[in-house]
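Engineer: Dropping the structure in here first, questions after.
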Amino acid sequence: MEIQTFDSKNLLPFNLSRFHISEDYGFIVENPLTELPSYYAPWMEAATNLTYLIENHQLRSKIDQMPLLNSQNLKGHRQLRLAHLVLSSLTMGYVWQEGEHDTVKVLPGNLAIPYWEVSHILGLPPILVHADFALVNWKKRNPDGTLEIENLDPIISFPGGESLRGFILVTILVEKEATPGIKGIVQAVNAILETNDESLIEALQQITRSLEKMKEVFKKMHDYVDPAIFYTVIRIFLSGWRDNLAMPDGLTYEGVSEEPMAYSGGSAAQSTTLHAFDEFLGVQHSQESAAFLHRMRDYMPPSHKAFLEAIRLAPPLQQHVTSSGNKKLCIAYNSCVEALVELRNYHIAVVSKYVSIAGVNARAKKAKSMNDGKSLPTPPSSLEAKGTGGTGIMCFLKSVRDTTKKVVFNS
């Protein structure tokens with residue numbers, strides 16, 4: 001979906017359904033499929049046994065022997081999204097099965113060709129993205145139960161055990177808590193168009209509560225994810241082949257192109273949620289950070305990317321707040337911004353624990369184990385001080401936090 005022009009006539013009603021966003025689940029795919037048609041059994045068999053195959057160094061040979069299946073037998077958006085998750089997971093496992101010191105240069109055509117075709121139809125790149133990992137990769141243990149971590153499992157898992165499960169599911173639940181905030185943006189845009197400041201204040205308050213709840217759920221990461229396992233085992237399966245010293249030439253997709261291609265790994269920067277809050281609140285990031293974030297929009301489903309464009313083209317919130325002279329409105333706006341700053345502060349603290357500190361500890365343990373004649377997993381040196389998306393992670397996160405602070409109105 002592409003939006004060329006956006007005036008008040010085609011902006012009203014500004015609603016979620018136009019952008020394939022769920023009223024109840026936000027950007028998460030509601031009730032995602034967990035099985036593909038039987039024709040695709042070779043894909044599903046490998047994907048559902050992914051952890052075993054990787055840990056036993058058998059995934060590459062398994063994929064090399066798979067038949068080339070026709071992606072045209074996939075029907076409907078939900079089948080395509082599950083297929084993208086499955087093919088993405090197989091690809092990450094194939095590339096990183098032996099770690100960063102024995103990567104591959106070519107993805108075999110029996111995987112690369114259907115993967116490229118499915119990606120093209122969905123408007124997504126042929127690599128594991130946030131929209132796979134955190135928006136479609138979930139199922140309920142009890143279909144009638146609640147959306148809580150005890151009642152959820154990933155559809156596809158990588159090595160990492162309970163920590164991997166916790167990382168996926170906490171990320172999904174954070175996205176779920178963003179839903180009232182996304183709905184608040186819609187209410188706010190309509191309130192500005194209708195010059196209804198009372199409705200706008202209510203919407204801003206709803207967004208603030210949503211951001212606060214996202215932070216609270218984010219804290220569950222500490223309960224479910226071991227920093228050492230996240231750093232030494234999980235992260236590499238989320239990393240890509242752009243800005244990565246372990247794969248400086250990228251990856252060739254056999255049967256698609258003779259030239260290697262480079263794609264960034266999965267990253268929270270691919271979450272439409274945070275982009276939406278930034279667009280709505282008028283946050284302007286530094287040139288370097290903005291360029292990276294703008295590129296990450298190409299890793300989102302096109303309808304979600306269009307939602308961000310719609311917010312950008314809507315009447316600016318900051319201008320309305322300034323011109324209104326309404327003190328309550330200004331306070332409500334500032335509360336929103338401060339809640340987003342706090343969420344970003346907490347993200348920095350989490351990354352410090354799970355990447356910076358965990359990296360130091362992992363390297364120290366590895367050095368000690370070598371001196372003691374023992375063997376521990378080798379920490380991924382290509383990801384030191386970097387996010388899986390390829391950025392200098394702490395500098396990037398502090399930069400976006402600091403630019404968010406700047407849009408607070410001084411009283």
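The values are calculated or read from the model by the stated rules, or taken from the named source; none is laboratory data. Everything numeric here is computed off the predicted structure, so don't read it as measured data. Every residue, glycine among them, receives a Cβ derived from its backbone with ideal geometry; neighbour counts consider all protein chains shown. Remember, those area values only see protein heavy atoms, side chains included, never the ligands or the DNA or RNA. Shrake-Rupley method; radii C 1.70, N 1.55, O 1.52, S 1.80 Å.
Engineer: Quick check on packing: order 34-41, 211-218 by the mean number of other C-beta atoms within 10 Å, highest mean leading.
Structural biologist: So the order, starting with the most tightly packed, is 211-218, 34-41.
Engineer: Here is a follow-up. Hey, what's the Cα Rg ratio for the chain versus the globular rule of thumb, 2.2 N^0.38 Å?
Structural biologist: Here the Cα radius of gyration is 1.00 times the empirical estimate.
Engineer: Would you list which lysines come within 17 Å of Lys365, measuring only between C-alpha atoms, while excluding same-chain residues fewer than 8 positions from it?
Structural biologist: Counting by Cα, and skipping residues close in sequence, Lys365 has these lysines nearby: Lys353, Lys374.
Engineer: In whole Hz and in residue order, list the ³J(HN,Hα) couplings for region 36-53 that follow from phi through the Karplus curve 6.51 cos²θ - 1.76 cosθ + 1.60, θ = phi - 60°; x for Gly and Pro.
Structural biologist: Once rounded to whole Hz, the list reads 9, x, 4, 3, 9, 3, x, 5, 5, 4, 5, 5, 6, 10, 4, 4, 4, 5.
Engineer: Using Cα atoms only, what is the angle between the long axis of helix 327-351 and the major principal axis of the chain, expressed in degrees (0 to 90) to the nearest 10?
Structural biologist: On a 0 to 90 degree scale, this one is about 20.
Engineer: Additional query: Under a point-charge model restricted to the Cβ atoms of Lys and Arg (+1) and Asp and Glu (-1), what is the dipole moment magnitude of the chain relative to its Cα centre, in debye to the nearest 20? Walk me through the intermediate numbers first.
Structural biologist: On the way: 39 positive and 44 negative charges, 158 e Å.
Dipole about the Cα centre, nearest 20: 760 debye.
Engineer: For the chain, which whole-number percentage of the solvent-accessible area (1.4 Å probe, protein heavy atoms only) is attributable to carbon and sulfur atoms?
Structural biologist: On the way: 9070 of 17980 Å².
The value for the chain is 50 percent carbon and sulfur by accessible area.
Engineer: Whole-Hz Karplus ³J(HN,Hα) for region 139-150, in order, using 6.51 cos²θ - 1.76 cosθ + 1.60 and θ = phi - 60°, x for Gly and Pro?
Structural biologist: Rounded to whole hertz, the list is 8, 8, 5, 10, x, 8, x, 7, 8, 10, 4, 5.
Engineer: With N denoting the number of residues in region 23-181, provide Rg(C-alpha) divided by 2.2 N^0.38 Å, to two decimal places.
Structural biologist: 1.03
Engineer: Would you kindly find the accessible area of Glu254, with a 1.4 Å probe and non-protein molecules such as ligands, DNA and RNA excluded, rounding to the nearest 10 Å²?
Structural biologist: Approximately 90 Å² of Glu254 is accessible to the 1.4 Å probe.
Engineer: Would you please report the Å³ per residue occupied by the convex hull of the alpha carbon atoms in region 237-291?
Structural biologist: So the per-residue hull volume is 118 Å³.
Engineer: Can you give me the C-alpha center-to-center distance between region 101-159 and region 241-289, rounded to a whole angstrom?
Structural biologist: Centre-to-centre distance over Cα atoms comes out at 17 Å.
Engineer: Could you name the aspartates and glutamates in cross-link range of Lys183, using Cα to Cα under 14 Å and dropping any fewer than eight places away on the same chain?
Structural biologist: Straight-line reach from Lys183, under 14 Å: Glu23, Asp24, Glu175, Glu202.
Engineer: OK, next. Taking every Cα atom in region 263-308, find the radius of gyration and the maximum pairwise distance Dmax, and write them in Å.
Structural biologist: According to the Cα coordinates of region 263-308, Rg and Dmax are 10.1, 29 Å.
Engineer: Sort Phe230, Phe307 by heavy-atom solvent-accessible area, probe 1.4 angstrom, most to least.
Structural biologist: Values: Phe230 20, Phe307 0 Å².
In descending accessible area the options line up as Phe230, Phe307.
Engineer: Would you mind checking the tilt of helix 161-177 against the longest principal axis of the Cα atoms of the chain, expressed as 0 to 90 degrees and rounded to 10?
Structural biologist: 20 degrees
Engineer: Same structure again: Taking the alpha-carbon set of region 109-223, what are its Rg and Dmax in Å?
Structural biologist: 18.2, 57
Engineer: In addition: List, in the order given, every pair from Lys176/Lys219; Lys62/Lys140; Lys219/Lys405 whose Cα-Cα distance in the structure shown is over 20 Å.
Structural biologist: Among Lys176/Lys219; Lys62/Lys140; Lys219/Lys405, the Cα-Cα distance tops 20 Å for Lys62/Lys140; Lys219/Lys405.
Engineer: Based on the mean of other Cβ atoms within 10 Å per residue, sort peptides 335-343, 81-89, 154-162 so the most packed one is first.
Structural biologist: Result, highest mean first: 81-89, 335-343, 154-162.
Engineer: Rounded to whole Å and sorted largest first, list the principal axis extents of the Cα atoms in region 65-132.
Structural biologist: Computed over the Cα atoms, the extents are 39, 27, 14 Å.
Engineer: Taking the Cα atoms of region 286-343, report the difference between the largest and smallest coordinate on each principal axis, in whole Å and largest first.
Structural biologist: Principal extents (Cα only, largest first): 39, 25, 20 Å.
Engineer: Taking amide hydrogens as modeled 1.01 Å from N in the peptide plane, which residues meet the under 5 Å criterion relative to Trp138, leaving out close sequence neighbours?
Structural biologist: Amide H to amide H, under 5 Å and 5 or more residues apart or across chains, Trp138 pairs with Ile155.
Engineer: I need the fraction of alpha carbon pairs in region 166-314 separated by more than 21 Å, rounded to a whole percent. Could the numbers behind the result be given before it?
Structural biologist: Working: 6331 of 11026 pairs.
Looking at region 166-314, the distances longer than 21 Å represent 57 percent of pairs.
Engineer: Pull up all non-local amide H partners of Thr252: gap of 5 or more, or a different chain, and H-to-H distance under 5 Å with H placed in the peptide plane.
Structural biologist: Val106, Leu107, Met261
Engineer: Please name which of Leu69, Val106, His130 has its Cα lying farthest along the dipole of region 41-170 towards the positive end, using unit charges on Cβ (Lys, Arg +1; Asp, Glu -1) and the Cα centre as origin.
Structural biologist: Going by the Cα projections, it comes out as Leu69.
Engineer: How far, in nm, would the chain grow between Ala349 and Met66 when pulled straight, counting 0.36 nm per residue and subtracting the alpha carbon separation?
Structural biologist: 97.6 nm
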